[in-house]
Amino acid sequence: MAPPIRAILFDLDGTLVQTRDASWVLFERTNRKFALGIDDREQFFKLFRDNLFVAVPQACGDEERGLAAINHFLELLRKEYNPPLVPGIADVVRTLAARCVLGIVSSNALEAIRRIADDAHIAQCIAHVFAGDIEPDKRKSIRQFLADPSYATLRIGSPAYQERAPKPFEPDEVAFVTDTVCDVRHARECGVRTLGVSWGMHKASDLMEAGAEKVAVWPQEIISWALSPRSNVIEERADEVEPPPETDLEPVLEKSGVLRLKGLRAD
Ligand SMILES: O=C(O)COP(=O)(O)O
């Protein structure tokens, strides 16, 4: 029997916001400017089977051009990305904030995430944001969240964090909610629980195949899944699903130069 879920990390694009049009119209401009050859929406969505920061340079076959394209895309996201929220998702976030520590772990830029959260009036329900222009490898962000007990502090819709000594999370008390295959795999590598959503970039069957415990069809299912008394779902799925390969993204990211994005890394 798994313990209750105490923290939920949300992917942003395709999970909290609708992005099938909104990010494609921006990426299309990057694609044209850098002649990446990622010429339709489905090809773009396929990039998210891998880490985006690795997939773009790989897809265009030129590291420097791929990196410049990512920087261009991040800048468009910072300045022009205004996707609609997934209908009903703001209520889901507000409901869950009273019970769980909520976070966003996204490939998107921090500035864009902040604007979206402010406009949706949910910024103070979100305890922590891990953005792609600060840490491109979501596994590192998840592990950071698990390692430091101070992250386990509730923030229930007010500017201040609760002032109670937090109890550190066990990985199976934390869930990642996402619409993409790469996120499901990487969350499983970190040992956290995974819920897919059907309204984003990847199909429910692909998310299940990657190891998601379940795929929500409606936003409110996130609440019922996260707060329902735990069954032995994890154990059942663990038998069914191949364990993810232990991929180490660091050398690839290192090579692609993404870790030097915006001068955030010393090397
Ligand atoms: O689901 C994904 O991987 C893409 O969404 P993100 O930009 O919020 O990371």
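The values are calculated or read from the model by the stated rules, or taken from the named source; none is laboratory data. Bear in mind that the values here come from a model prediction, so they are computed numbers and not experimental data. Heads up, the Cβs are rebuilt from the backbone with ideal geometry, glycines too, and the neighbour counts pull from every protein chain shown. All accessible areas refer to the heavy atoms of the entire protein, side chains included, with ligands and DNA or RNA removed. Shrake-Rupley method; radii C 1.70, N 1.55, O 1.52, S 1.80 Å.
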Taking the condition of being open to solvent by 10 Å² or more (accessible area, probe 1.4 Å), in a loop (DSSP other than H, G, I, E, B), within 16 Å of the ligand (Cβ to nearest atom) and of a type in the set (A, V, I, L, M), how many residues in the range 1-41 meet it?
0
For the range 93-113, enumerate the residues that are away from the ligand (no atom under 16 Å from the Cβ) and either among the polar types (S, T, N, Q) or out of contact with any strand residue (DSSP E or B) (no Cβ under 7 Å at 6 or more places or on another chain) (or both).
Arg94, Thr95, Ala97, Ala98, Arg99
Got at least one residue in the range 102-124 being acidic (Asp, Glu) and open to solvent by less than 50 Å² (accessible area, probe 1.4 Å)?
no
Quick check, is Leu74 among the hydrophobic types (A, V, I, L, M, F, W, C), open to solvent by 50 Å² or more (accessible area, probe 1.4 Å) and under 16 Å from the mean Cα position of the chain (by Cα)?
no
Somewhere in the range 147-160, is a residue under 30 Å from Leu67 (Cβ atoms) and within 16 Å of the ligand (Cβ to nearest atom)?
no
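Run down Leu110, Leu47 and say which single residue is closer than 20 Å to His186 by Cα and without any contact (Cβ under 8 Å) to a residue 40 or more places away in the chain.
Leu47
A quick yes/no check of all residues on (1) within 24 Å of Lys214 (Cβ to Cβ); (2) open to solvent by 40 Å² or more (accessible area, probe 1.4 Å); (3) modelled with pLDDT of 95 or more:
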site	(1), (2), (3)
Ser158	no, yes, no
Glu170	yes, yes, yes
Glu173	yes, no, yes
Thr178	yes, no, yes
Val181	yes, no, yes
Glu189	yes, no, yes
Could you please find all residues in the range 10-26 being within 16 Å of Asp39 (Cα to Cα) and in contact with a Leu (Cβ under 8 Å, 6 or more places away or on another chain)?
Ser23, Leu26
Checking the condition open to solvent by less than 10 Å² (accessible area, probe 1.4 Å) and more than 21 Å from Val17 (Cβ to Cβ), which residue from Gly200, Gly211, Gly196 passes?
Gly211
